[in-house]
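See below for the structure under consideration.
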Ligand code: 5RP
């Protein structure tokens, strides 16, 4: 949770940005640094446009001068930079503690390249070690889905803010599912997607091309093996 490490990982991702690109903008405190720095470069003349993964990233991008477009305007993106809550040695991810997981997955899947920026506290041996798995659900189905998750194992809990159910930008609720460290995250991601009432989960398997990790000894880059 070191903000200067988050900053260092985030600005390192700007090396990937080229003039003319259509970008995906992630959500969270790490990517906030990236969006601010991107805005500074746009102010210096860099021409890019971007689709945001949340209303708050969109608002920040507009504030710092990054032109915002939507999927009505563009069919695909060149590069998305986003944060993560956990990163495994295979570069599988847990995402969504910030509540933007569905739009984040939509944007990442529309991107040619998906780059993750984290501080080294996010690196784990197995997903599920430090973070619950956020599961976005249609509000009507939240109790049904929670019972299904409890039957699979672990402890699901409806996310609340100030005592009220958290509402995503899509108008849905999020169940945070605390599980034992996961052996096969790709299979679990598929299984979760198959539960009626689940919109999607915060498991992002086989998606990240590169993870930029900032730690006390510097910034390192983990690349997906071909
Ligand atoms: C939001 C996310 C974030 O990328 C993730 O929670 C990491 O956030 P932060 O950079 O604040 O640690 O998935 O839905």
In degrees, nearest 10, the alpha-carbon axis of helix 29-43 is tilted away from the dominant principal axis of the alpha carbons of the chain by 20
Hits in the stretch 30-47: amide N under 19 Å from the 7 Å Cα→Cβ extension of residue 112, namely 46-47
Output the 0 to 90 degree angle, nearest 10, between the alpha-carbon long axis of helix 3-12 and the longest principal axis computed from the alpha carbons of the chain. 60
In nanometres, what is the gap between the two model label sites at residue 140 and residue 44, each 7 Å from Cα along Cα-to-Cβ? 5.2
Value of relative contact order over the stretch 70-113, rounded to a whole percent, pairs C-alpha under 8 Å and six or more apart: 49
For a quick protection proxy, order the peptides 23-33, 175-185, 61-71 by their average other-Cβ count within 10 Å, most packed first. 23-33, 175-185, 61-71
Expected 222 nm ellipticity per residue - DSSP helices of 4 or more, -39500 (n - 2.57), all of the chain, to 500: -8500 deg cm²/dmol
At what distance in nm do the modelled label points of residue 19 and residue 206 sit from each other, each positioned 7 Å from its Cα along Cα→Cβ? 3.8
Sort 82, 162 by Cβ crowding within 10 Å, fewest neighbours at the top. 162, 82
Using 0.36 nm times the number of residues separating residue 157 and residue 75, minus their current alpha carbon distance, what extension gain do you get? 26.0 nm
Using alpha-carbon pairs under 8 Å, 6+ residues apart, how would you state the relative contact order of the stretch 133-201 in percent? 47
Exposure proxy order (Cβ contacts within 10 Å, fewest to most) of 204, 140, 166: 140, 166, 204
Give the shape of the chain as rounded, prolate or oblate, defined through the alpha-carbon gyration tensor: a ≥ b ≥ c are the square roots of its eigenvalues, a/c under 1.5 means rounded, and otherwise the shape is prolate if a/b is larger than b/c and oblate if not. prolate
Note down the relative contact order for the chain as a percent, whole number, built from C-alpha pairs under 8 angstrom at least six residues apart. 22
Hey, rough spin-label estimate for residue 147 and residue 3, points 7 angstrom out along Cα→Cβ, what's it come to in nanometres? 4.5
Mind checking the angle between helix 142-152 and the chain's longest principal axis? C-alpha axes, 0 to 90 degrees, to the nearest 10. 70
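Each value in this text was obtained by applying a stated rule to the coordinates, not by laboratory testing. All figures in this text were calculated on a predicted structure; none of them were measured in a lab. Don't worry about glycine lacking a Cβ; one is built from the backbone with ideal geometry, like all the others, and counts go over all protein chains shown.
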